[in-house]
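This is the structure I want to talk about, given as structure tokens.
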Amino acid sequence: MTEPLGRGRSLAYASGSLGSDALAPILSWLPYLYAPPADLPGAVALLPAASVGALLFVGRFVDGFAEPIVGWASDRAHTRFGRRIPFVLFGTPVLVCAFLALFFPPFGPEQHAATGLYLALVNTIFWCAFTAVVAPYLALLPEIATSSEERTRISTLMTAFSILAIIGGNLVLGAIVARFQGGRALCGVHFANGFEPQALAIAALAFGFFYLSIAFVRERPHTDGDPPHLPFRAAVTESFRNPAFLPLVIPLSVFLIGVNIVVTSVPYLGRAILHASEAEASYGTAAVYVSAGVSLPLVGRAAARFGKKRVYSAALLAMALVFAAVPLVAVSPRPTATYLGLMVLLGVPVGALLVLGRVLISDVIDADFARTGLRREAMYFGMQGLMTKVSFGVGPLLATQLFAHFGNTADQPLGILLCGPVAGVLGFAGWLAFRRYPLA
């Protein structure tokens with residue numbers, strides 16, 4: 001039996017969420033960096049919007065197949081540091097370097113072929129490295145926390161750190177992008193745009209917190225009495241045989257396509273719909289996570305009273321309804337207030353999904369152990385990643401296609417407005433599919 005981590009080690013482990021989620025806000029603005037709207041003063045498009053979405057999808061698609069491979073390798077690893085920790089230790093520098101490369105493209109606006117190849121290659125390296133670090137990190141949770149109560153407590157801490165990272169990132173992201181428009185010097189160094197100094201700061205944060213997350217964790221030692229590991233193909237097959245696995249990850253995958261459609265539309269919405277700077281749009285995303293943070297104490301109570309499945313299901317449905325209401329911003333007499341109000345409403349179900357998502361996959365892993373006698377935490381996180389990472393790529397792909405066909409400027413905003421209803425339909429489909437999830 002694994003001993004409880006205690007408050008200090010729990011905080012250190014959970015801080016890895018700061019490392020991973022500090023990257024999220026600025027990554028969601030990559031289409032805006034490579035393909036800014038045509039009516040943005042001084043805008044220099046490195047690639048057409050539809051091309052950016054397709055190239056970003058390549059990285060996510062390849063990474064999706066890397067997820068189960070990393071999971072299988074992590075489950076089978078046998079080192080003096082453990083099964084998971086070496087992946088975080090040696091993968092973090094690669095992750096950080098590739099992340100920085102995304103925001104310092106070396107080619108000019110007329111070199112579409114070179115820029116496209118560069119973006120596809122670097123983005124693929126980044127996401128594969130991200131998987132090699134984050135999947136083993138997450139796989140530590142069901143191994144070091146053996147009770148549902150401790151998992152919920154640590155998952156809540158991880159969610160709180162995630163929320164802190166995303167709020168902080170979005171409060172400064174749009175404002176700095178707007179302030180550095182056209183280039184600006186900072187501490188004697190000239191930056192071409194507001195993405196470059198932020199990428200450097202975020203890379204340093206991610207590097208530090210990933211290493212802190214494993215500094216005080218000790219994995220369960222491998223013994224000769226442990227059950228044998230399955231070959232890769234058998235491990236994949238056994239994951240799909242778990243009756244709780246597909247009913248959890250298929251709805252989540254469909255739902256995440258919708259989420260990422262909306263996330264991709266946010267920076268464009270600020271200028272075209274709100275008639276404001278990029279700052280107002282990113283403040284809306286920050287408002288989502290402020291609301292989510294406030295709602296966190298309610299999530300555990302609601303799950304205890306109504307059950308994890310019912311709370312998670314209600315959160316999926318609530319998010320779908322809010323997504324569908326996004327076009328109301330365009331007809332409101334106070335569009336910014338309406339937008340911020342919708343984002344505050346969105347935060348409540350977001351908090352529930354962030355906390356309970358990790359708990360539910362841990363329950364699925366326990367059900368697998370009861371059925372097979374094997375501990376395959378990383379394989380399950382990897383198989384979940386195979387399905388959800390493709391969703392992360394499809395979302396921007398669909399959003400940029402909407403921009404290309406229906407517009408993403410103040411004169412032609414329909415492509416931006418359609419992102420909400422499309423995401424709402426996908427979210428509703430995910431909610432319907434989740435009703436087949438068998439665990440309580």
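Please indicate, with yes or no, whether at least one residue in the range 21-38 is under 22 Å from the mean Cα position of the chain (by Cα), within 24 Å of Glu143 (Cα to Cα) and either of a type in the set (Ser, Thr, Tyr) or assigned to a helix (DSSP H, G or I) (or both).
Checking the range 21-38: at least one residue is under 22 Å from the mean Cα position of the chain (by Cα), within 24 Å of Glu143 (Cα to Cα) and either of a type in the set (Ser, Thr, Tyr) or assigned to a helix (DSSP H, G or I) (or both).
Also, I was wondering about something else. Could you say whether any residue in the range 81-102 is at pLDDT 95 or above, touching a helix residue (DSSP H, G or I) at 6+ places or on another chain (Cβ under 7 Å), over 19 Å from Val62 (Cα atoms) and of a type in the set (Phe, Trp, Tyr)?
No, that holds for no residue.
Does the range 117-129 include one or more residues that are more than 22 Å from the chain's Cα centre (by Cα) and not aromatic (Phe, Trp, Tyr)?
Taking the range 117-129 and keeping what is more than 22 Å from the chain's Cα centre (by Cα), we get 117-118.
Going one step further and asking which of them are not aromatic (Phe, Trp, Tyr), we end up with 117.
Checking the range 117-129: at least one residue is more than 22 Å from the chain's Cα centre (by Cα) and not aromatic (Phe, Trp, Tyr).
Identify all residues within the range 322-332 that are part of a helix (DSSP H, G or I), surrounded by fewer than 20 Cβ atoms within 10 Å (Cβ to Cβ) and touching a helix residue (DSSP H, G or I) at 6+ places or on another chain (Cβ under 7 Å); write none if there are none. Quick ask: steps written out before the conclusion?
At the first step, the residues of the range 322-332 found to be part of a helix (DSSP H, G or I) are 322-324, 328-331.
Next cut, surrounded by fewer than 20 Cβ atoms within 10 Å (Cβ to Cβ) only: 324, 328, 330-331.
Hits for the range 322-332 are Ala324, Leu328, Ala330.
Out of Trp127, Trp72, report the one residue that is under 30 Å from Leu374 (Cβ atoms), buried (at least 19 other Cβ atoms within 10 Å of the Cβ) and either modelled with pLDDT of 85 or more or touching a His at 6+ places or on another chain (Cβ under 8 Å) (or both).
It is Trp127.
Let's see how each residue does on (1) out of contact with any Ser or Thr (no Cβ under 9 Å at 6 or more places or on another chain); (2) β-branched (Val, Ile, Thr):
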site: Ala279; (1), (2): yes, no
site: Arg301; (1), (2): yes, no
site: Leu317; (1), (2): yes, no
site: Ala324; (1), (2): yes, no
site: Leu345; (1), (2): no, no
site: Val350; (1), (2): no, yes
site: Ile361; (1), (2): yes, yes
site: Asp368; (1), (2): no, no
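Further question on the same structure: Name every residue in the range 303-321 that is small (Gly, Ala, Ser) and either buried (at least 18 other Cβ atoms within 10 Å of the Cβ) or touching a Leu at 6+ places or on another chain (Cβ under 7 Å) (or both), in order of residue number.
Keep residues of the range 303-321 that are small (Gly, Ala, Ser), which gives 303-304, 307, 313-315, 318, 320.
Answer for the range 303-321, where residues must be small (Gly, Ala, Ser) and either buried (at least 18 other Cβ atoms within 10 Å of the Cβ) or touching a Leu at 6+ places or on another chain (Cβ under 7 Å) (or both): Ala303, Ser313, Ala315, Ala318, Ala320.
This table checks each residue for (1) more than 15 Å from Ser28 (Cα to Cα); (2) within 22 Å of the chain's Cα centre (by Cα); (3) not β-branched (Val, Ile, Thr).
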{"site": "Ala145", "(1), (2), (3)": "yes, no, yes"}
{"site": "Glu150", "(1), (2), (3)": "yes, no, yes"}
{"site": "Met158", "(1), (2), (3)": "yes, yes, yes"}
{"site": "Ile163", "(1), (2), (3)": "yes, yes, no"}
{"site": "Leu173", "(1), (2), (3)": "no, yes, yes"}
{"site": "Gly183", "(1), (2), (3)": "yes, no, yes"}
{"site": "Gly188", "(1), (2), (3)": "yes, no, yes"}
{"site": "Ala206", "(1), (2), (3)": "yes, yes, yes"}
{"site": "Ser213", "(1), (2), (3)": "yes, yes, yes"}
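Same structure, new question: Considering only the range 400-440, how many residues are within 30 Å of Lys308 (Cβ to Cβ), of a type in the set (Gly, Ala, Ser) and either at pLDDT 95 or above or not in a loop (DSSP other than H, G, I, E, B) (or both)?
7
Any residue at all in the range 353-360 that is of a type in the set (Lys, Arg), touching a Lys or Arg at 6+ places or on another chain (Cβ under 8 Å), in a helix (DSSP H, G or I) and farther than 20 Å from Val236 by Cβ?
Yes, the conditions are met somewhere in the range 353-360.
Here's a follow-up. Quick check on Val350: is it touching a Phe, Trp or Tyr at 6+ places or on another chain (Cβ under 9 Å), over 22 Å from Val254 (Cβ atoms), in a helix (DSSP H, G or I) and modelled with pLDDT of 80 or more?
Taking the combined requirement at face value, the residue does not satisfy it.
Moving on. Among the numbered conditions (1) over 25 Å from Ser155 (Cβ atoms); (2) buried (at least 19 other Cβ atoms within 10 Å of the Cβ), tell me where Pro335 comes up short.
(2)
Give the range 52-70 a look and list any residue that's within 15 Å of the chain's Cα centre (by Cα) and under 21 Å from Tyr32 (Cβ atoms), or say none.
Leu56, Phe57, Gly59, Arg60
If a residue must be farther than 18 Å from Pro48 by Cβ and touching a Pro at 6+ places or on another chain (Cβ under 9 Å), how many such residues does the range 385-418 contain?
5
List the residue pairs whose Cβ atoms are under 8 Å apart, where the first residue sits in the range 392-414 and is without any contact (Cβ under 8 Å) to a residue 24 or more places away in the chain, the second is in a loop (DSSP other than H, G, I, E, B) and small (Gly, Ala, Ser), and the two are 6 or more positions apart or on different chains.
The qualifying pairs are Leu414/Gly407.
Could you tell me which of the residues Gly42, Gly8 is in a loop (DSSP other than H, G, I, E, B), touching a residue at least 40 places away in the same chain (Cβ under 8 Å) and surrounded by fewer than 17 Cβ atoms within 10 Å (Cβ to Cβ)? Lay out the reasoning, then the answer.
Details: Gly8 fails: in a loop (DSSP other than H, G, I, E, B).
One residue alone meets the criteria, Gly42.
Another question, then. Just to check your reading of the model, which residue among Pro31, Pro106 is surrounded by fewer than 18 Cβ atoms within 10 Å (Cβ to Cβ), modelled with pLDDT of 90 or more and farther than 29 Å from Val236 by Cβ?
When all the criteria are applied, what remains is Pro106.
Please identify the pairs in which a residue from the range 177-191 that is under 16 Å from Ala201 (Cα atoms) and without any contact (Cβ under 8 Å) to a residue 40 or more places away in the chain has its Cβ atom under 8 Å from the Cβ atom of a residue that is of a type in the set (Lys, Arg) and not in a loop (DSSP other than H, G, I, E, B), counting only partners at least 6 apart or on another chain.
His190/Arg184; Phe191/Arg184
Given Ser291, Ser253, which one is touching a helix residue (DSSP H, G or I) at 6+ places or on another chain (Cβ under 7 Å) and closer than 15 Å to Leu342 by Cα?
Details: Ser253 fails: closer than 15 Å to Leu342 by Cα.
On inspection, the qualifying residue turns out to be Ser291.
The values are calculated or read from the model by the stated rules, or taken from the named source; none is laboratory data. Owing to the predicted nature of the structure, the values given are computational and were not obtained by experimental measurement. A quick note on method: Cβ atoms are made from the backbone with ideal geometry, for glycine too, and the neighbour counts reach across all protein chains shown.
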